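S.K.: Here it is, the structure, as structure tokens.
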């Protein structure tokens, strides 16, 4: 037999799978880590410990559990949270913690300055996306302006996946899907790095070499083999962002397919028939040349359920907390007895792109219970999700098929509330392993042992969550939208 390995570094956990070429999972491993918040609005990881250290641990565990000869591993693919910003020196050593994706809003001033200078219309036309907290270009400019000593030592700017691939192969590469988040340094029309929009951010030679996700970036070096237990010479793909690998893991492959990823954030990917450019959402070339994707994401989702557990449900045993909270929430009716939640605990990404947005429980009275609060939290995330799916529909991009994936699919209340509030049925596949499983398939695809259509056999449909709807949800969704609009000025002032 022959095998592939997929490893994904998420916001709070790294997961890996070892599979055979029929998609059977032979071994799984995971390791947790923390998201660092050194000050409000910032979000970081430690690259050596949280990215590479986790990768090494998980790869070793997969080999130990499976007892498979590393030489029988035909290819490795990885994915990670993204887009991140990490400066490294000429030896590839990190010069600071990795700056995370859109949940990190430190470059707000640079976003505004670049937008004012270049013009939003020009940025969208050339880059496919307005500049937001998700954009890497402004964060590199922040580095230059706020940390000039680090900037001066920077040999390359990497993202999380690039850092892993460099450690494995010595190659400095990035896939096009990830690179599209480096606005205003990536032109979606030419699919190349460009400096003419902002030549003062960083020299282009300090950015990684562009590849497609299905291409081989290099082979595992002797040094990486010693660390991971994998065989030197094993092919490694260019990799991609975790959400893209997760979408592929459940068969998001044809135009009209949409993934709803239930993780630390809600992330949505729609395979589009052609480029869709609008400041409310994001665009990127898909994993393969000539294909397109539209994306959206909330800033806090699963992260918010963890916050609630850790601060509002400390009396519950950690391992049982979410099931206990779900039971309490099920005792509360749809609408949570008149309680609304704004889920903007880390600002918000799409579609409002407001780093100053604030979280809030609204409508509390002395009759409300913790179950009401948790139900309102779940519903608030679902209202935020509907705001996104409505935005897609307004752009003529209502999905033909919606596929749910991620750890949050184990939360039946969350799944059903999302279908009911968004008015969309959701398909759940047999394996909800997520990005690491998609990585393993992409590794097999890169070396030609599977075809793209084979993912439906690797991961068949398990069930469909049908949208039931409820009049109270329609009423509360309108109030949810009004609540944000009527409090955003106060939220901005609180941000100071």
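Only the coordinates and a few stated rules stand behind these numbers; no lab work does. Quantities reported herein were computed from a predicted structural model and do not represent experimental measurements. Backbone-built Cβ (ideal geometry, glycine too); neighbour counts: all protein chains shown.
S.K.: By how many nm would the segment from residue 36 to residue 454 grow when fully extended, if each residue of separation counts as 0.36 nm and the alpha-carbon distance is taken off?
M.R.: 146.6 nm
S.K.: Here's another thing I want to ask about it. Based on the alpha-carbon gyration tensor of segment 110-216 and its eigenvalue square roots a ≥ b ≥ c, which shape applies: rounded if a/c is under 1.5, prolate if not and a/b is larger than b/c, or oblate?
M.R.: Oblate shape, in that a/c is at least 1.5 and b/c is the bigger or equal ratio.
S.K.: Mind giving me the nanometre distance, one decimal, between the label points for residue 145 and residue 307, set 7 Å out from Cα along Cα→Cβ?
M.R.: Using points 7 Å along Cα→Cβ, the separation is 2.7 nm.
S.K.: What ranking of 354, 489 emerges when the number of other C-beta atoms within 10 Å of each C-beta is taken as an exposure proxy, fewest first?
M.R.: 489, 354
S.K.: Hey, quick one: spin label on residue 425, modelled 7 Å out along Cα-Cβ, who in segment 257-292 has an amide N within reach, i.e. under 18 Å?
M.R.: Answer for segment 257-292: 257-260.
S.K.: Taking the DSSP beta bridges in the chain as the whole, what percent of them are antiparallel, to the nearest 5?
M.R.: So the antiparallel bridges in the chain amount to around 70 percent.
S.K.: Rounded to the nearest 5, what is the percent of antiparallel bridges among the DSSP beta bridges in segment 3-243?
M.R.: 70
S.K.: How large is the Kirkwood hydrodynamic radius of segment 3-243, in angstrom, based on all distinct alpha carbon pairs?
M.R.: 18.1
S.K.: Next question. So between residue 330 and residue 470, what do we pick up on full extension, going 0.36 nm a residue minus the alpha carbon distance?
M.R.: 48.9 nm
S.K.: In whole Å, what is the distance between the alpha-carbon centres of segment 444-496 and segment 308-326?
M.R.: 24
S.K.: For the pair residue 492/residue 65, report the inter-label distance in nm, with labels modelled 7 Å from Cα in the Cβ direction.
M.R.: That separation, rounded to one decimal, is 4.9 nm.
S.K.: Oh, and also: What ranking do 385, 189 get, fewest neighbouring Cβ atoms within 10 angstrom at the top?
M.R.: Ordered by Cβ neighbours within 10 Å, fewest first: 189, 385.
S.K.: Mind giving me the nanometre distance, one decimal, between the label points for residue 288 and residue 365, set 7 Å out from Cα along Cα→Cβ?
M.R.: So the two model labels end up 5.7 nm from each other.
S.K.: How much of the DSSP beta bridge set in segment 208-358 is antiparallel, as a percent to the nearest 5?
M.R.: That works out to approximately 95 percent antiparallel.
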